Every structure is written in structure tokens, then in C-alpha cells.
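Since the structure comes first, as C-alpha cells, the remarks are kept for the end.
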Amino acid sequence: HSTVCSQREIQIIIVSVIAAAFVIRRYLKTKRGKMVFDTVVLKLPVFGGLATKLSLSRFFRMFSDLLESGIPASSALELTADTTGNSAISEQISGVKREVMEGSPISLAMKKSGIFPPISIHMTALGEKSGNLSEMLGKISVYFDEETDYVVSNMMTLIEPMFIFILAGFVLLLALGIFMPSWNMMQLYFK
């Protein structure tokens, strides 16, 4: 009777896990679900910074290319908002576009958004003042590419403590799996 209950419990757990995975997957396909997921990704240690740098590199490269080809800044911002690959950053870029449409300088709008690092804001302001914005945006893109390469090349040193912790957990489980049965047998023997 107890094996039937445990098999039934296992079946319920499996069905519950599959149902939860299906619901989560459906939720992540919605606009709100994607926004929540992308926001969480940006807040992850190590990977969040990497995702931000990759998205901003894409944004600045595309923005630079569009300005270089003569497209107005507001239209270029609208087009580049979807190229970042992250809906949370895209939403911030849309906010920058709204500010620019109201007459604000791009660098000031970027500063208000809160997603852009100070160096990119400063370099954008320099590009606006010098009249060479597209070239400066290209340099910002190169900067973020280099930052991304640096993070990826040092990823193992950043992730190494996590691997050690996981390995220690496996060793602990293995030790408990070996010693607990023998400990229980010793208790039976000495009773």
C-alpha cells in the first residue's frame, strides 16, 4: 500500500512540475512576463552585468549606424529600442526617445533613465557638444564590446566560488548517503 501511495505521489509531483513549467512558459511569452524575466536577468550577479553590456553594445552600435546614415535621433531611438534583446532596456530606451521628442538632449535623457553607465552618458554628451555624435556612439559600442570580452574571459574566476560551493554540496550529500545508513545500523546494533 505504501508503494502505491509513493508512486501516486510521484505521479502528482511529475504532473505538477509539467503543469508549472507550461504555465511559466506561457507567462514568459506575454509582454509582462518577458519584462519581469528580463528585469530579473539584469539583476543577476555576474550574468546581469554581462547581459546589460551586451544589450547596450548592440544599442549603441545600431544607434551610431542609424545616425550615420542620416536618420533623425528620435526615429533612430525608436528603431534601436527593439534591437537590445532585453525588454527592460528597450523600455528605458523608449523613455529616452520620449524625452528627446520633448526637446531634451540625448545625454540628459539617458541620465534620467538610470540604465546607462556614467561613462556612456559622458561620451554621448561630448559627442553632442562636438557635433560628432555617431562617431562617439560607435566608440561607446566598442567600449562595451571590450567590457563584455573582459567579463567573459574572467567568467571562470567569477563563477569558481559558486562551483566550489556546489561541489561541496555534492560531497556532503555523498557523505550523508554513505554514513547515515551505517550510523543507523550502528544504533540498531548497540540497542
> When the residues of the range 1-52 are filtered to those that are basic (K, R) and assigned to a helix (DSSP H, G or I), which remaining residue is surrounded by the most Cβ atoms within 10 Å (Cβ to Cβ)?
Replying inline: K34
> For the range 70-107, which residues satisfy the criterion of being within 22 Å of the chain's Cα centre (by Cα) and outside any helix (DSSP H, G or I)?
Replying inline: D82, T83, T84, G85, N86
> Within the range 74-89, which residues are open to solvent by 20 Å² or more (accessible area, probe 1.4 Å) and under 17 Å from S57 (Cα atoms)?
Replying inline: E78, L79, D82, T83, G85, S87
> Name the pairs: first residue in the range 17-38 and over 23 Å from L54 (Cβ atoms) and without any contact (Cβ under 8 Å) to a residue 12 or more places away in the chain, second residue open to solvent by less than 60 Å² (accessible area, probe 1.4 Å) and small (G, A, S), Cβ to Cβ under 9 Å, at least 6 apart or on different chains?
Replying inline: I24/G33; R26/G33; Y27/G33
> Just a yes or no: is a residue in the range 59-73 touching a helix residue (DSSP H, G or I) at 6+ places or on another chain (Cβ under 8 Å), modelled with pLDDT of 90 or more, small (G, A, S) and surrounded by 12 or more Cβ atoms within 10 Å (Cβ to Cβ)?
Replying inline: yes
> How about the range 95-125: which of its residues are polar (S, T, N, Q) and within 16 Å of L56 (Cβ to Cβ)?
Replying inline: S107, S113, S120, T124
>> Condition first: over 30 Å from V142 (Cβ atoms) and out of contact with any strand residue (DSSP E or B) (no Cβ under 9 Å at 6 or more places or on another chain). Can you find one or more residues in the range 38-59 that meet it?
In response: no
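The values are calculated or read from the model by the stated rules, or taken from the named source; none is laboratory data. A quick note: this is a predicted structure, and the numbers were derived from the prediction, not measured. As a convention, Cβ positions derive from the backbone with ideal geometry for all residues, glycine included, and neighbour counts pool all protein chains shown. Heavy atoms of the whole protein, side chains included, go into the accessibility calculation; ligands, DNA and RNA do not. Shrake-Rupley method; radii C 1.70, N 1.55, O 1.52, S 1.80 Å.
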